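Worksheet: one structure, shown below.
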Amino acid sequence: MGKDGTLEAFRIECAHFISVAKESGEACPAYGAILPPVFHQDAMRWQRYCYDSGWAGVHWPTDHGGMGLSKDHSVVWHEECAKAEIAPYLNLQGLVLAGEAIMRCGTPEQKKVFLRPTLKNEILWCQLFSEPGAGSDLAGLQSSAILDGDYFVLNGQKVWSSNAQFAQFGILMARTDFQASKHKGISFFLLDMNLPGIEVRPLKQMTGDHEFCEVFFDDVLMPKNALLGDLHGGWSVAMTVLEDERSGAGSADVISLSRRLQSMTSNAKETDSLTRQSLTSLLSRGRSLQSLLEGRGSDPMMAPIAKLLNTEIGYDEAQIESRILGPLSMLNSDATDRLLYSPGMRIAGGSSEIQRNIIGERILGLPREPQISNSPEA
Ligand SMILES: Cc1cc2nc3c(=O)[nH]c(=O)nc-3n(C[C@H](O)[C@H](O)[C@H](O)COP(=O)(O)OP(=O)(O)OC[C@H]3O[C@@H](n4cnc5c(N)ncnc54)[C@H](O)[C@@H]3O)c2cc1C
């Protein structure tokens, strides 16, 4: 494979690889940031197929099973997957959040242990950040991991942990120092989900799926080498992970958005004038986002703006679609899924209100909102 060539040559190779995989039924349909249980097996098989064919981890080092190409090549891969409506990887939590964090902060041993197995699908990851009392205010988390000899003793509870029922490892934030100030007493861990004392309870959501779980820790003995980065230095590791999570929207999203806008335009021809008006307004918001992403998609400052606009448009789109379909929207499974799924996307990865706060304070330079406990949003 001539993967050292230009981006355009690489694009042609990607398109060819994807089309052959799609034709032969190996490729898994696109499902967004969170792997739904219904696609679990297909997605696992697709990730392994990519690895075995030398097409996993486009910008990951070759020493760890990746293709060793640039991030621009990775963008091309994502764009071609979006055009073919194919999942670009197994799940965001492993292939982006855990993988990038380990590449940035991991010891050579941690890179060796985790990176290749993640690309090969031998490790499926979940993200163990949110707690019942710590979502937007993530620094308020209370799960504790207290160092005792060669182990951290882990206690507490997480919630909203997507795919935790299938995961072999989780990226975990826990408090390691209760005396330090809120942000300074947190550490970041790579938690083996099979350790004794971990209980995972799937939660049923209104789509009927069990995509996320509650996870309980009862005196779990985590070996010392589960720590990623510095002891008590977990907040800075987590902030870069959250940036990775929010910066998901890019040129590949523009491709999916264009497709959706196209279908909205077709629908608009067949609806009443009130619905057409709503669709026109949605179309103009969509086009604004599209040009914003085309022009400045790679700018990290765009991450909260794109996250906010994308998920709000997705929500309104689902509402309008159900209005057009009427009662059928409760019977047509794709439209029903979109209707029931879209509210959650306005919350996952930081709610719309939190994105507005970030945009106001960090991008527009407005005064910070009054803080009760001096906690930044997470
Ligand atoms: C589909 C889905 C998947 C998820 N997957 C994961 C996962 O895998 N791992 C994980 O760790 N977490 C996950 N989450 C959790 C997600 O990160 C949190 O739900 C989110 O950060 C909000 O936290 P919360 O639910 O505790 O709401 P809260 O923080 O309690 O917020 C409640 C409401 O108050 C508003 N609010 C809070 N603070 C402010 C403020 N300062 N200004 C204005 N409004 C505010 C919020 O916008 C929200 O409307 C997932 C969530 C969803 C919906």
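When Glu131, Glu100 are checked against the criterion of being among the acidic types (Asp, Glu), surrounded by 20 or more Cβ atoms within 10 Å (Cβ to Cβ) and under 19 Å from the mean Cα position of the chain (by Cα), Glu131 stands alone in meeting it. Being within 26 Å of Asp209 (Cα to Cα), among the aliphatic types (A, V, I, L, M) and either in contact with a Ser or Thr (Cβ under 8 Å, 6 or more places away or on another chain) or assigned to a loop (DSSP other than H, G, I, E, B) (or both) is the requirement here; does Leu69 meet it? No; evaluated as a whole, the condition is false for this residue. Note on region 190-201: residues that are touching a residue at least 24 places away in the same chain (Cβ under 8 Å) and either over 19 Å from the mean Cα position of the chain (by Cα) or surrounded by fewer than 17 Cβ atoms within 10 Å (Cβ to Cβ) (or both) total 7. Restricting attention to region 161-189, the residues that are farther than 21 Å from Asp148 by Cβ, more than 10 Å from the ligand (Cβ to nearest atom) and under 25 Å from the mean Cα position of the chain (by Cα) add up to 5. The set of residues in region 262-305 that are charged (D, E, K, R) and farther than 16 Å from Leu325 by Cβ comprises Arg285, Arg287, Glu294, Arg296, Asp299.
Let's see how each residue does on (1) more than 16 Å from the ligand (Cβ to nearest atom); (2) assigned by TED's automatic domain parsing to the domain that holds Ser181; (3) at pLDDT 80 or above:
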position: Ser281; (1), (2), (3): yes, no, yes
position: Ser291; (1), (2), (3): yes, no, yes
position: Glu294; (1), (2), (3): yes, no, no
position: Ile305; (1), (2), (3): yes, no, yes
position: Tyr341; (1), (2), (3): no, no, yes
position: Gly349; (1), (2), (3): no, no, yes
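The number of residues in region 60-110 that are touching a Gly at 6+ places or on another chain (Cβ under 8 Å), modelled with pLDDT of 95 or more and more than 24 Å from Gln165 (Cα to Cα) comes to 8. Checked against (1) crowded, with 18+ Cβ neighbours inside 10 Å; (2) near the ligand (Cβ under 7 Å from one of its atoms), Ser136 passes all but a single condition, namely (1). Working only within region 202-256, note down all residues that are polar (S, T, N, Q) and under 15 Å from Leu147 (Cβ atoms). The answer is Asn225, and nothing else. Is there a residue in region 147-155 that is within 13 Å of the ligand (Cβ to nearest atom) and either modelled with pLDDT under 95 or under 13 Å from Val215 (Cβ atoms) (or both)? Looking through region 147-155, none of the residues is within 13 Å of the ligand (Cβ to nearest atom) and either modelled with pLDDT under 95 or under 13 Å from Val215 (Cβ atoms) (or both). Scanning for something assigned to a helix (DSSP H, G or I), hydrophobic (A, V, I, L, M, F, W, C), more than 19 Å from the chain's Cα centre (by Cα) and within 22 Å of Gly68 (Cβ to Cβ), does region 36-48 turn up at least one residue? Looking through region 36-48, none of the residues is assigned to a helix (DSSP H, G or I), hydrophobic (A, V, I, L, M, F, W, C), more than 19 Å from the chain's Cα centre (by Cα) and within 22 Å of Gly68 (Cβ to Cβ). What do you reckon, is Pro88 touching a residue at least 40 places away in the same chain (Cβ under 8 Å) and either surrounded by fewer than 18 Cβ atoms within 10 Å (Cβ to Cβ) or among the hydroxyl-bearing types (Ser, Thr, Tyr) (or both)? No.
Evaluating Glu122 against the criteria (1) within 16 Å of the ligand (Cβ to nearest atom); (2) modelled with pLDDT of 95 or more; (3) assigned to a loop (DSSP other than H, G, I, E, B) leaves one unmet condition, (1).
The values are calculated or read from the model by the stated rules, or taken from the named source; none is laboratory data. Computed from a prediction, not measured in an experiment: that's the story for all the values here. Please note: Cβ atoms are built from the backbone with ideal geometry, for glycine as well, and neighbour counts cover all protein chains shown.
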